[in-house]
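First comes the structure, then the notes that go with it.
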Amino acid sequence: MDLLKELESLVPELERGLDQASSLTELEELRVAFLGRKGRLAQIMGRLPELSPEDRPRLGQAANGVKMALTERFEGRKTALEAASEAAALSRFDPTLPGRAPWRGSLHPDTLVMEEICSVFRGLGYDIVTGPEVEMDHYNFEALNMPAEHPARDMQDTLYVTESILMRTHTSPLQVRTMLARKPPVAIIAPGKVYRRDSDITHTPMFHQIEGLMVDKGVSMADLRGTLTSFLRTVFGGDTRVRFRPSFFPFTEPSAEVDISCCICGGKGHVGNEPCRVCKTTGWVEILGCGMVDPAVFTAVGYDPEEYTGFAFGLGVERVAMLKYGIGDLRMFFENDVRFLSQFR
Ligand code: PHE
């Protein structure tokens, strides 16, 4: 019976094929060729009707045996090939290589400075408050003694959203918001983003400020000077010199600007033989604006100016960070270059 011989020859034929197969892909091709729906075994079975009825059961039985044998050979070879390819992968793996460290983030210098300053004032008993960046004209200007058409509004190039809504140009609206919400005494510090229509090497449309406000009975300019001097020496070092220059802000009277001795050149005005570019050889750098809260602001928030006095100050966070870390270019703060950012660990 030819068909039976053909059937039995399948096993040694597959074995020869398996011996030569060197990959799992070739193995799969063999499986399809022998055991697939149109494979060799199926073809032989398809010819079953050619046989006489008495021969059919014998061939059927033989076919089952062959099918089992083929499957078994095939599985055996497959297990061996899989083990070999795993071993090859392992031999390519070098367990002595150092691991790849996961990427570690770092805090932005603005965040570091804001956290440091807030923590100094928290230690002095100040509360930290925040407020909206999209602000009412009333809180940003009007209640701060800058009525519409007041020429002092020109000091700040404002980004308007509507006629009465704007991007806050400073954190001073937090003075107003805090005093409207709380009764004196108040001592708050307010960090946040502010916006101005300004963009060049030393100005960006968005930057950060920290506002401070202290109101109580009998608060004086001496309290202002003492608080700011000790705060600046904490942040910039104990031997930092501090000076107050008369200035003007509509919402403080009297007003002052505060300079510290330049921490790049140590107040000498030059670094080695080079003129100091940060303080332009003056030995001083301006660091914040401040003053005694103007009575008109107290009136606007319903505090009695005869009973209470207070001081306020506002400082630029990027400016502090540039001086503290020796950063030469304001634009680096907003470029998000990891080579810059990752230095602040
Ligand atoms: N808001 C002022 C500015 O942005 C700074 C300031 C705050 C001055 C508080 C005095 C008191 O320039």
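The values are calculated or read from the model by the stated rules, or taken from the named source; none is laboratory data. Keep in mind it's a predicted model, so treat the numbers as computed, not measured. Here the Cβ positions follow ideal geometry from the backbone for every residue, glycine too, while neighbour counts run over all protein chains shown.
Residues of segment 126-151 that are at pLDDT 95 or above, of a type outside the set (A, V, I, L, M) and more than 16 Å from THR169 (Cβ to Cβ): TYR126, ASP127, THR130.
Listed conditions (1) modelled with pLDDT of 95 or more; (2) not in a strand (DSSP E or B) are all met by ILE210, apart from (2). From the list VAL293, VAL278, VAL301, VAL297, the lone residue that is on the phi < 0 side of the Ramachandran plot, away from the ligand (no atom under 16 Å from the Cβ) and among the aliphatic types (A, V, I, L, M) is VAL278. Within segment 304-318, being within 11 Å of the ligand (Cβ to nearest atom) and within 18 Å of THR169 (Cα to Cα) holds for ALA312, PHE313, GLY314, LEU315, GLY316.
Taking every residue in segment 194-206 that is touching a residue at least 60 places away in the same chain (Cβ under 8 Å) and pairing it with any residue that is of a type in the set (S, T, N, Q) and assigned to a strand (DSSP E or B), at least 6 positions away or on another chain, the pairs with Cβ-Cβ distances below 8 Å are VAL194/GLN209. Number of residues in segment 123-154 that are under 30 Å from the mean Cα position of the chain (by Cα) and small (Gly, Ala, Ser) equals 3. For segment 221-261: of the residues being assigned to a loop (DSSP other than H, G, I, E, B) and in contact (Cβ under 8 Å) with a residue 24 or more places away in the chain, which is farthest from the ligand (Cβ to nearest atom)? If we take residues in segment 221-261 being assigned to a loop (DSSP other than H, G, I, E, B) and in contact (Cβ under 8 Å) with a residue 24 or more places away in the chain, then GLY237 is farthest from the ligand (Cβ to nearest atom).
Within segment 132-152, the residues that satisfy the criterion of being in a loop (DSSP other than H, G, I, E, B) and within 23 Å of PRO295 (Cα to Cα) are PHE141, ASN145, MET146, PRO147, ALA148, GLU149, HIS150.
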